[in-house]
Amino acid sequence: MENEDLSKLKIDKSVRTFRPVKRKRLVYFVVVTLLIIIAGFLYLSGFISPAIPVEMASISQVYPSQTISQLNASGYVVAQRKAAVASKITGRLVSLMVEEGSRVKEGQVIARLENEDAVAARDQADANLKVARANLKGAKAELEEVSLTFNRDKQLIAKGVISRSQYDTSEARFLRGQASVAAAEAAIKASSAALQGANVALEYSLIRAPFNAVVLTKNADIGDIVTPLGAAANAKAAVVTIADLNSLQVETDVSETNLGLVKVGQPCEIQLDAIPDSRFRGEVHAIVPTADRAKATIMVKVRFFEKDPRILPEMRAKVAFLSRPLKREEEKPRTAVIRSAIVNHGDQKTIFLVQGDRAVETAITTGEQLGEMIEVLGGAKAGDRVVAKPPKRLKNGSRIKVAEK
């Protein structure tokens, strides 16, 4: 009886081993299913999807003049009135009153040569003139005296009171007096001319500005020998080089084949490399009537409408020859994006901004069409990078990479 009860207490091993295996399989199945669901969600949300190759562009500042430009050319700002100021005589430079950038007025003394000899000659001529004037006064006083005597003797000789010889003596003295006055007057003229010549020689030692201008370069220093020809060793021909900044124009070369697009008085827009954020209005001033055989170009001169102190000679410039004059509202830059970057959703327009390796869809407000660009009034700013041609599968938050060209 006891043996039978013990036999019933045996454990069924087949049942114990089967249940854990079944549970493990169920756990594995659930885990795999969850992983698949999570992977699908991540894929659809773009977190583990492959990067989409795209082309990138930038939102930039554009000028409306770009849409009405018929021809573009480059050149340099050149002063039409320019001078290398030199001396008419040879001498040592003892004073220089200007430097580069100094503004000078017409007639202003900008330098002086040694002039002690010219000053001495001027003083001598001035003294000679004073002597001549004093001699003239003496000659006139003597003439007045002999004139009275001669007139009295003329009356007396008529009455027979004096002898003929006495009258002749009086007349001779009168004539000598007249000759002395004439000689003194001639001496004054000669002395005046000598003084004028001495003043001119002294003036040659002073170097003056020939017109209102700005000093561009200083070609000589104090102590240098300045000579008109500059042929001597270590001699300087010019003291300074000046330019009239009111005469600045852009000189640009236009190809012979494009000359038909340019005419005198045509409106232009000028951009200087040194001032990239500003545009200047201008017009064609002249078409130089000769061609450059080597380059097959013709020089065109473009003048500025407004003067700006920032514009300097020899600055590099770009000129846009326009089909019509610009309106005032067209002179300011506008923020614009390439037309192909805009996605239309009915009345709403969006672009894909590039932020790291993601494309973020952003709504924008647009304005006028500027050629291949569309004005952006809001939603983005100049400098932002955008997807140039968004593919249809591109979604908000999609991973992107720059397409290889």
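The values are calculated or read from the model by the stated rules, or taken from the named source; none is laboratory data. Here the structure is a predicted model, which means the values were calculated and not measured. Because the Cβ atoms are built from the backbone with ideal geometry, glycine has one as well, and the counts that use them run over all protein chains shown.
Side notes on the structure shown:
- Among the candidates 87, 74, the residue that is in contact with a strand residue (DSSP E or B) (Cβ under 7 Å, 6 or more places away or on another chain) and in the same structural domain as residue 316 (by TED's automatic domain parsing) is uniquely 74.
- Where strands (runs of 3 or more DSSP E) fall wholly inside the range 295-400, the ranges with 1 or more residues that are closer than 28 Å to residue 52 by Cβ are 334-338, 343-345, 348-355, 358-370, 373-378, 385-387.
- Single unsatisfied condition, residue 144 versus (1) within 30 Å of residue 243 (Cα to Cα); (2) surrounded by fewer than 18 Cβ atoms within 10 Å (Cβ to Cβ): (1)
- Single residue of 118, 111, 57, 125 found to be in contact with a strand residue (DSSP E or B) (Cβ under 6 Å, 6 or more places away or on another chain) and more than 30 Å from residue 399 (Cβ to Cβ): 111
- Residue in the range 266-273 that is among the charged types (D, E, K, R), outside any loop (DSSP other than H, G, I, E, B) and touching a strand residue (DSSP E or B) at 6+ places or on another chain (Cβ under 8 Å) present: yes
- Residue satisfying condition, being modelled with pLDDT of 90 or more and surrounded by 11 or more Cβ atoms within 10 Å (Cβ to Cβ), within set 352, 305: 305
- Checking each residue in the range 165-195 for being farther than 19 Å from residue 129 by Cβ and touching a helix residue (DSSP H, G or I) at 6+ places or on another chain (Cβ under 7 Å) picks out 166, 167, 170, 171, 173, 174, 177, 178.
- Some residue of the range 233-241 being modelled with pLDDT under 90, surrounded by fewer than 15 Cβ atoms within 10 Å (Cβ to Cβ) and part of a loop (DSSP other than H, G, I, E, B): yes
- Whichever residue in the range 113-141 is surrounded by fewer than 18 Cβ atoms within 10 Å (Cβ to Cβ) and basic (Lys, Arg) and, among such residues, is farthest from residue 237 (Cα to Cα): 140
- For the range 307-325, the set of residues classified as out of contact with any Pro (no Cβ under 7 Å at 6 or more places or on another chain), within 22 Å of residue 373 (Cβ to Cβ) and not basic (Lys, Arg) consists of 319, 320, 321, 323, listed by residue number.
- Qualifying residue in the range 112-135 (condition: assigned to a strand (DSSP E or B) and either farther than 19 Å from residue 189 by Cβ or of a type outside the set (Asp, Glu) (or both)): yes
- For residue 49, the criteria (1) among the hydroxyl-bearing types (Ser, Thr, Tyr); (2) under 30 Å from residue 286 (Cα atoms); (3) outside any helix (DSSP H, G or I); (4) modelled with pLDDT under 85 hold in every case but one, which is (2).
- Between 175, 202, the distinction of being in contact (Cβ under 8 Å) with a residue 24 or more places away in the chain and either of a type outside the set (Val, Ile, Thr) or outside the structural domain of residue 95 (by TED's automatic domain parsing) (or both) belongs to 202 only.
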